[in-house]
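Student: For reference, the structure I am asking about is given below.
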There are 2 protein chains.
Amino acid sequence: MATVITGIGELTTNDPETGKLNDAALVIEDGKIVWAGPNAQAPAADERVDVEGRAVLPGWVDSHTHLVFAGDRTAEFEARMAGKPYQAGGIAVTVGATRAASDAELTANLRRHVDEAVRQGTTCLETKTGYGLSVVDEARSARIAASIVDEVTFLGAHLVPPGAGAESYVDLVCGEMLDAVVDDVRWADVFCETGAFDEDQSERVLLAARDRGLGLRVHGNQLGEGPGVRIAVELGAASVDHCTYLSDDDVEALAASETVATVLPACDLSTRQPLAPARRLLDAGATVALASNANPGSSYTTSMAFCVATAVLQMRMTVEEAVWSATAGGARALRRNDVGALRVGARADVHVLDAPSVTHLAYRPGVPLTWAVWRCGERVF
Amino acid sequence: MATVITGIGELTTNDPETGKLNDAALVIEDGKIVWAGPNAQAPAADERVDVEGRAVLPGWVDSHTHLVFAGDRTAEFEARMAGKPYQAGGIAVTVGATRAASDAELTANLRRHVDEAVRQGTTCLETKTGYGLSVVDEARSARIAASIVDEVTFLGAHLVPPGAGAESYVDLVCGEMLDAVVDDVRWADVFCETGAFDEDQSERVLLAARDRGLGLRVHGNQLGEGPGVRIAVELGAASVDHCTYLSDDDVEALAASETVATVLPACDLSTRQPLAPARRLLDAGATVALASNANPGSSYTTSMAFCVATAVLQMRMTVEEAVWSATAGGARALRRNDVGALRVGARADVHVLDAPSVTHLAYRPGVPLTWAVWRCGERVF
């Protein structure tokens with residue numbers, strides 16, 4: 001069955017050959033885009049949906065989330081915002097709750113958050129393990145994630161779990177744990193930061209994962225300058241995420257590489273860090289992705305629209321740059337060609353806004369603008 | 001008919017005697033709250049709605065909007081965000097389009113934006129004239145606003161219209177224009193700022209309005225320090241709005257007065273101004289309201305949740321302070337006792353969040369959390 005979406009006031013294709021079209025139409029068939037062009041030339045189809053002048057763009061590609069979790073950290077957030085110290089344990093709290101949860105609870109929680117993201121226009125989502133931190137719990141997290149989301153990343157190296165030694169834990173991550181998750185994940189990631197994993201440990205994890213055929217991602221430069229970006233670029237990681245504190249060398253290295261700089265503005269705001277220097281990265285020629293970092297600790301939002309609005313209002317990205325980074329940029333960070341663009345042959349992930357242009361995403365911050373969503377050609381909202 | 005709302009996980013009453021209740025219930029009858037207390041003691045009623053642990057708070061009181069308008073300023077916003085100069089005329093663009101629009105267009109546009117606000121939990125809304133700037137157009141704007149919203153403010157003194165002289169325009173505002181609107185408005189406002197109306201002109205407008213029995217509001221201290229706050233306090237205005245640039249004397253004057261300081265964070269962000277010093281105002285003892293300033297130029301959002309999230313994440317208001325300022329604070333700025341609190345006798349304006357606590361408004365920025373809304377006892381979302 002083919003569906004034609006007509007009356008598109010503004011169509012953001014992210015296809016360099018097509019660019020942005022006004023007064024356009026799209027045809028979806030068998031889960032793919034099969035035609036895009038002027039509204040007046042739209043072919044007939046089995047089903048016709050007139051969006052009456054609304055803006056259409058590719059569904060969000062959220063390339064960084066941590067949604068296999070249980071438990072609650074509202075009180076920690078509230079204390080942080082009030083400037084009060086909060087001793088109770090951060091990530092370790094979520095690890096405890098996640099380990100204690102049943103498969104059904106973890107699955108339901110993940111599905112609830114993914115559904116929430118879909119209702120806001122997210123059609124391709126990466127999520128990570130990293131709240132298990134034992135062989136059995138990481139394997140379970142990977143399996144549950146793989147049953148629901150597009151892209152799964154192994155983040156056994158999120159934190160050294162309480163009671164473990166760093167070196168022996170890295171041995172475990174690089175050996176038995178990696179073996180236990182490898183069939184369910186496409187990516188491996190490491191939190192390369194003071195207090196998490198140092199340069200040598202991070203490299204060991206990434207090299208072990210690369211040996212198993214996994215693609216690489218790095219959490220780096222979140223809390224201060226450090227080796228994260230350099231390692232990511234040297235090892236050919238698809239993305240280095242956070243990038244809040246960057247040296248000039250880091251920026252140059254990113255600009256000269258295929259490694260995407262993924263910025264996470266909702267996390268920066270929620271942890272009262274400076275916003276990542278997206279403008280500096282773009283001006284240097286680096287590829288920037290925007291993602292939510294949805295997780296219960298440092299960034300509990302699934303709203304890519306909020307990230308886009310923040311990028312435009314406060315990080316000096318243009319609307320066009322921010323929308324590209326939250327769609328095609330995310331796809332680049334996941335090394336995918338089938339999502340993040342609305343060109344013939346791409347996956348039919350279509351986001352219709354209740355607004356005449358994508359500019360309204362930043363012009364109208366906080367207003368829920370998602371009007372309709374197709375994912376793999378199926379209307380899901 | 002009485003409705004009982006049961007299973008309230010967290011009830012924010014804004015009633016100093018009751019405070020915040022967990023595991024609570026509310027009863028609505030004849031448009032008013034008639035009972036609030038522990039869930040286990042909830043009386044029977046004709047209708048029962050179980051909110052299953054969700055948070056309930058008073059509907060937002062948005063005490064500052066400019067929603068009687070026509071026309072589009074998307075390009076101006078986009079250019080401003082891109083750091084490009086944009087010559088085409090700001091407020092005057094909206095004035096031209098508003099004058100050219102039919103009554104039906106203006107009414108439909110206002111209703112559409114009010115409905116959008118209601119779906120996001122706003123149950124009491126102030127709006128202003130100020131895009132007419134002629135006797136006939138201001139009178140028309142006031143009449144249309146009065147047919148739809150709770151509170152209408154006359155803002156003939158928004159800007160000296162192109163072609164007019166400042167002094168003769170102030171004469172018009174204080175005379176014929178005020179006479180033409182006075183039956184449809186409760187408030188008068190003036191934009192006291194370099195480039196708009198100076199101290200003497202602002203005082204003339206406010207005194208003329210006070211003589212006609214109108215309450216006073218002031219736009220002040222938006223673009224720099226100036227006399228706005230002082231005038232507002234001296235003349236007993238209910239609110240002075242923007243307050244982005246305040247001297248120590250301004251803060252002290254506000255703290256010692258009944259005049260509410262209304263901060264407009266979405267406007268500050270959208271115009272790349274610093275965020276208003278809400279923390280400083282609160283620490284000094286001033287009363288702070290949060291409002292959207294919804295208008296097509298400087299702040300085109302109806303999202304009070306975005307304002308609350310920004311206040312907490314970036315202005316160092318606590319969640320409790322931000323929620324109070326966006327509900328009871330707005331009511332204080334409008335000198336109303338019947339809205340902004342959920343106590344017996346208050347208007348049944350009830351906002352149910354799809355979250356267990358109001359903290360999630362800041363913890364989950366951008367995620368649409370409005371789950372149900374009652375306004376004057378009627379379920380409107």
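Student: Tell me which helices (runs of 4 or more DSSP H) are completely within the stretch A:175-239 and hold 2 or more residues being β-branched (Val, Ile, Thr), or say none if there are none.
Tutor: A:228-234
Student: Assuming B:Ala261 fulfils every condition listed in (1) closer than 20 Å to B:Ala294 by Cβ; (2) surrounded by fewer than 24 Cβ atoms within 10 Å (Cβ to Cβ); (3) in contact with a Cys (Cβ under 7 Å, 6 or more places away or on another chain) apart from one, which condition is it?
Tutor: Failing condition for B:Ala261: (2).
Student: Can you find a residue in the stretch A:236-246 that is away from every other protein chain (no Cβ under 14 Å) and open to solvent by 30 Å² or more (accessible area, probe 1.4 Å)?
Tutor: So in the stretch A:236-246, the residues away from every other protein chain (no Cβ under 14 Å) come out as A:236-246.
Cutting the leftovers down to open to solvent by 30 Å² or more (accessible area, probe 1.4 Å) gives us A:236, A:245.
Looking for residues that are away from every other protein chain (no Cβ under 14 Å) and open to solvent by 30 Å² or more (accessible area, probe 1.4 Å), one finds at least one in the stretch A:236-246, hence yes.
Student: Quick check on this structure: which one of B:Leu11, B:Leu57, B:Leu67 is touching a helix residue (DSSP H, G or I) at 6+ places or on another chain (Cβ under 8 Å) and not in a loop (DSSP other than H, G, I, E, B)?
Tutor: On the way: B:Leu11 fails: touching a helix residue (DSSP H, G or I) at 6+ places or on another chain (Cβ under 8 Å); B:Leu67 fails: not in a loop (DSSP other than H, G, I, E, B).
Unique residue meeting the criteria: B:Leu57.
Student: Looking at A:Leu254, is it assigned to a helix (DSSP H, G or I) and within 17 Å of A:Thr302 (Cα to Cα)?
Tutor: Values: assigned to a helix (DSSP H, G or I): yes; within 17 Å of A:Thr302 (Cα to Cα): no.
Judged against the criteria, A:Leu254 is not a match.
Student: Sort through A:Val205, A:Val218 and tell me the only one that's over 21 Å from the mean Cα position of the chain (by Cα), hydrophobic (A, V, I, L, M, F, W, C) and open to solvent by less than 10 Å² (accessible area, probe 1.4 Å). Quick ask: steps written out before the conclusion?
Tutor: Working: A:Val218 fails: over 21 Å from the mean Cα position of the chain (by Cα).
Within the list A:Val205, A:Val218, the selection yields A:Val205.
Student: Collect the residues in the stretch B:361-381 that are in a loop (DSSP other than H, G, I, E, B) and within 14 Å of chain A (Cβ to nearest Cβ), keeping them in residue-number order.
Tutor: Just the residues of the stretch B:361-381 that are in a loop (DSSP other than H, G, I, E, B), to begin with: B:364-369, B:376-377, B:380-381.
Hits for the stretch B:361-381 are B:Arg364, B:Pro365, B:Gly366, B:Val367, B:Pro368, B:Leu369, B:Phe381.
Student: I'm checking my understanding of the structure. Among residues of the stretch A:247-294 that are of a type in the set (Lys, Arg) and within 14 Å of chain B (Cβ to nearest Cβ), which one is nearest to B:Thr318 (Cα to Cα)? Talk me through it step by step, then tell me what you get.
Tutor: To start, the set of residues in the stretch A:247-294 that are of a type in the set (Lys, Arg) comprises A:272, A:279-280.
Subset that is within 14 Å of chain B (Cβ to nearest Cβ): A:272, A:279.
On the way: A:Arg272: 14, A:Arg279: 30 Å.
Of everything passing the filter in the stretch A:247-294, A:Arg272 is nearest to B:Thr318 (Cα to Cα).
Student: Moving on. Any idea which residue in the stretch B:109-133 is farthest from the other protein chains (Cβ to nearest Cβ), counting only those that are small (Gly, Ala, Ser) and within 30 Å of B:Ala164 (Cα to Cα)? Full working, then the answer.
Tutor: So in the stretch B:109-133, the residues small (Gly, Ala, Ser) come out as B:117, B:121, B:130, B:132.
From what is left, the residues that are within 30 Å of B:Ala164 (Cα to Cα) are B:130, B:132.
Working: B:Gly130: 20, B:Gly132: 23 Å.
So, considering only residues that are small (Gly, Ala, Ser) and within 30 Å of B:Ala164 (Cα to Cα), the one farthest from the other protein chains (Cβ to nearest Cβ) is B:Gly132.
Student: Another question about this same structure. One residue is enough: does the stretch B:282-291 have a residue meeting the conditions assigned to a strand (DSSP E or B), of a type outside the set (Gly, Ala, Ser) and buried (at least 20 other Cβ atoms within 10 Å of the Cβ)? I'd like the intermediate steps shown before the answer.
Tutor: Filtering the stretch B:282-291 down to residues assigned to a strand (DSSP E or B) leaves B:288-290.
Remaining after also requiring of a type outside the set (Gly, Ala, Ser): B:288, B:290.
From the residues that got through so far, the ones that are buried (at least 20 other Cβ atoms within 10 Å of the Cβ) too are B:288, B:290.
Scanning the stretch B:282-291 turns up at least one residue that is assigned to a strand (DSSP E or B), of a type outside the set (Gly, Ala, Ser) and buried (at least 20 other Cβ atoms within 10 Å of the Cβ).
Student: Just checking, which of B:Thr18, B:Thr13, B:Thr6, B:Thr65 is of a type outside the set (A, V, I, L, M), in contact with a strand residue (DSSP E or B) (Cβ under 9 Å, 6 or more places away or on another chain) and at pLDDT below 95?
Tutor: Numbers: B:Thr13 fails: at pLDDT below 95; B:Thr6 fails: at pLDDT below 95; B:Thr65 fails: at pLDDT below 95.
So the residue among B:Thr18, B:Thr13, B:Thr6, B:Thr65 that is of a type outside the set (A, V, I, L, M), in contact with a strand residue (DSSP E or B) (Cβ under 9 Å, 6 or more places away or on another chain) and at pLDDT below 95 is B:Thr18.
Conditions tested, residue by residue: (1) outside the structural domain of A:Val350 (by TED's automatic domain parsing); (2) within 30 Å of A:Thr359 (Cβ to Cβ); (3) surrounded by 24 or more Cβ atoms within 10 Å (Cβ to Cβ).
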site: A:Glu17; (1), (2), (3): no, yes, no
site: A:Asp46; (1), (2), (3): no, no, no
site: A:Asp50; (1), (2), (3): no, yes, no
site: A:Glu76; (1), (2), (3): yes, no, no
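Student: Within the stretch B:52-74, which residues are open to solvent by 10 Å² or more (accessible area, probe 1.4 Å), within 24 Å of B:Gly96 (Cα to Cα) and within 14 Å of chain A (Cβ to nearest Cβ)?
Tutor: If we filter the stretch B:52-74 for residues that are open to solvent by 10 Å² or more (accessible area, probe 1.4 Å), which is where we start, we get B:52-54, B:70-74.
So of that shortlist, the ones also within 24 Å of B:Gly96 (Cα to Cα) come out as B:70-74.
Of everything in the stretch B:52-74, those that are open to solvent by 10 Å² or more (accessible area, probe 1.4 Å), within 24 Å of B:Gly96 (Cα to Cα) and within 14 Å of chain A (Cβ to nearest Cβ) turn out to be B:Gly71, B:Asp72, B:Arg73, B:Thr74.
Student: Given the conditions (1) open to solvent by 10 Å² or more (accessible area, probe 1.4 Å); (2) in contact with a helix residue (DSSP H, G or I) (Cβ under 6 Å, 6 or more places away or on another chain); (3) assigned to a loop (DSSP other than H, G, I, E, B), report the number of the one that A:Pro274 does not fulfil.
Tutor: Failing condition for A:Pro274: (2).
Student: OK, next. Could you please give the count of residues in the stretch B:127-164 that are open to solvent by less than 40 Å² (accessible area, probe 1.4 Å), assigned to a helix (DSSP H, G or I) and touching a strand residue (DSSP E or B) at 6+ places or on another chain (Cβ under 9 Å)?
Tutor: Qualifying residue count, the stretch B:127-164: 5.
Student: If you don't mind, there's one more thing I want to ask. Which residue pairs have Cβ atoms under 6 Å apart, sit 6 or more places apart or on different chains, and have a first residue in the stretch A:88-99 that is assigned by TED's automatic domain parsing to the domain that holds A:Asn295 and assigned to a helix (DSSP H, G or I) and a second that is modelled with pLDDT of 85 or more and acidic (Asp, Glu)?
Tutor: As it stands, the answer is A:Arg99/A:Asp137, since those pairs meet every condition given.
Student: Separate question: Do we have A:Asp15 as in contact with a Ser or Thr (Cβ under 9 Å, 6 or more places away or on another chain) and under 26 Å from A:Met304 (Cβ atoms) here?
Tutor: Details: in contact with a Ser or Thr (Cβ under 9 Å, 6 or more places away or on another chain): no; under 26 Å from A:Met304 (Cβ atoms): yes.
When the stated conditions are applied, A:Asp15 does not pass them.
Student: Can you tell me how many residues within the stretch A:22-38 are part of a strand (DSSP E or B) and open to solvent by 40 Å² or more (accessible area, probe 1.4 Å)? Spell out how you get there, then give the answer.
Tutor: Pass one, the stretch A:22-38, residues part of a strand (DSSP E or B): A:22-29, A:32-38.
Filter once more, so that each one left must be open to solvent by 40 Å² or more (accessible area, probe 1.4 Å): A:22-23, A:29, A:32, A:34-35, A:38.
Final tally of qualifying residues: 7.
Student: (1) part of a helix (DSSP H, G or I); (2) over 22 Å from the mean Cα position of the chain (by Cα): which one isn't true of A:Leu106, the others all being true?
Tutor: A:Leu106 satisfies every listed condition except (2).
Student: I'd like the full set of residues that are within 14 Å of another protein chain (Cβ to nearest Cβ) and in a loop (DSSP other than H, G, I, E, B), limited to the stretch B:307-360.
Tutor: Correct list: B:Met315, B:Arg316, B:Met317, B:Thr318, B:Asp354, B:Ala355, B:Pro356, B:Ser357, B:Val358, B:Thr359.
Student: State which residue is nearest to A:Ser257 (Cα to Cα) when the search covers only the stretch A:221-235 and only residues that are charged (D, E, K, R) and surrounded by fewer than 20 Cβ atoms within 10 Å (Cβ to Cβ).
Tutor: A:Glu234
Student: Considering the stretch B:324-359 alone, what residues qualify as being in contact with a Leu (Cβ under 6 Å, 6 or more places away or on another chain) and under 19 Å from A:Glu76 (Cβ atoms)?
Tutor: Within the stretch B:324-359, B:Ala355, B:Val358 qualify.
Student: Residue under question is A:Leu334, and the condition is that it be open to solvent by less than 10 Å² (accessible area, probe 1.4 Å) and either within 30 Å of A:Ala92 (Cβ to Cβ) or within 17 Å of the chain's Cα centre (by Cα) (or both); does it hold? Let's see the steps before the verdict.
Tutor: On the way: open to solvent by less than 10 Å² (accessible area, probe 1.4 Å): yes; either within 30 Å of A:Ala92 (Cβ to Cβ) or within 17 Å of the chain's Cα centre (by Cα) (or both): yes.
Yes: the conditions hold for A:Leu334.
Student: Got a sec? Which of A:Glu116, A:Glu167 is outside any loop (DSSP other than H, G, I, E, B), more than 27 Å from A:Trp60 (Cα to Cα) and open to solvent by 10 Å² or more (accessible area, probe 1.4 Å)?
Tutor: Answer to the selection: A:Glu167.
Student: Is there a residue being assigned by TED's automatic domain parsing to the domain that holds A:Ala146 and over 21 Å from the mean Cα position of the chain (by Cα) anywhere in the stretch A:24-33? Steps first, please.
Tutor: Initial filter on the stretch A:24-33 (assigned by TED's automatic domain parsing to the domain that holds A:Ala146): none.
Taking every residue of the stretch A:24-33 in turn, none turns out to be assigned by TED's automatic domain parsing to the domain that holds A:Ala146 and over 21 Å from the mean Cα position of the chain (by Cα).
The values are calculated or read from the model by the stated rules, or taken from the named source; none is laboratory data. None of the values given here were measured: they were computed from a predicted structure. Note: ideal-geometry Cβ built from the backbone for every residue, glycine included; neighbour counts use all protein chains shown. For the accessible areas, the whole protein counts, side chains as well, though only heavy atoms, and no ligand, DNA or RNA atoms are used. Shrake-Rupley method; radii C 1.70, N 1.55, O 1.52, S 1.80 Å.
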